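Following: one structure in structure tokens, then a few remarks.
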Amino acid sequence: MANDFESTREVILRTEQWSEAVQFYGSVLGLPIKYQAPTMVGFETGAFRLYVEQGKPHAPVFEFLVPDVQAAKQRLIKAGCVVVEEDPALPRCYLRDPYGLVFNLGQASLS
């Protein structure tokens, strides 16, 4: 499983100042909107896509895709990671590694 982790280009930033953040990234930085939902907007930056989500603030969240989310989650917990937030309905599984990086574990496509 050591080589099963693959990063995506997605970074999520959650803020209670959502309208102001959307205005900042869209108008001040001039980033084009590539995704829009009632509580989330995705901006294309070039190297990554920045999603700004409305809600309780947290540090930026990166994403890794794995073939088996539950197996990877258990392995990471045993290695010292902590579950920060989890919602299977989205699906969302945020973990913080022992060094402070927060990331989502996502399901890799089964191609």
Which one of these does GLY106 not meet: (1) open to solvent by 30 Å² or more (accessible area, probe 1.4 Å); (2) within 18 Å of ASP4 (Cα to Cα); (3) not in a loop (DSSP other than H, G, I, E, B)?
(1)
Scanning segment 13-39 for residues that are over 20 Å from PHE62 (Cα atoms) and either in a strand (DSSP E or B) or of a type in the set (D, E, K, R) (or both) gives GLU20
PHE64 versus (1) in a strand (DSSP E or B); (2) more than 19 Å from ASN3 (Cα to Cα): which is the lone unmet condition?
(2)
If TYR51 meets every condition in (1) among the hydroxyl-bearing types (Ser, Thr, Tyr); (2) surrounded by 17 or more Cβ atoms within 10 Å (Cβ to Cβ); (3) not in a strand (DSSP E or B) apart from one, which number is that one?
(3)
Given (1) over 16 Å from LEU13 (Cα atoms); (2) under 13 Å from the mean Cα position of the chain (by Cα), identify the lone condition not met by LEU101.
(1)
Please enumerate the residues belonging to segment 80-97 that are of a type outside the set (D, E, K, R) and open to solvent by less than 70 Å² (accessible area, probe 1.4 Å).
GLY80, CYS81, VAL83, VAL84, CYS93, TYR94, LEU95
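The values are calculated or read from the model by the stated rules, or taken from the named source; none is laboratory data. Because the structure is predicted, anything quoted here is derived from the model rather than measured. Glycine also receives a Cβ, built like all others from the backbone with ideal geometry; neighbour counts cover every protein chain displayed. The protein model used for the area step is the full one, side chains on, heavy atoms only, and it has no ligands, DNA or RNA in it. Shrake-Rupley method; radii C 1.70, N 1.55, O 1.52, S 1.80 Å.
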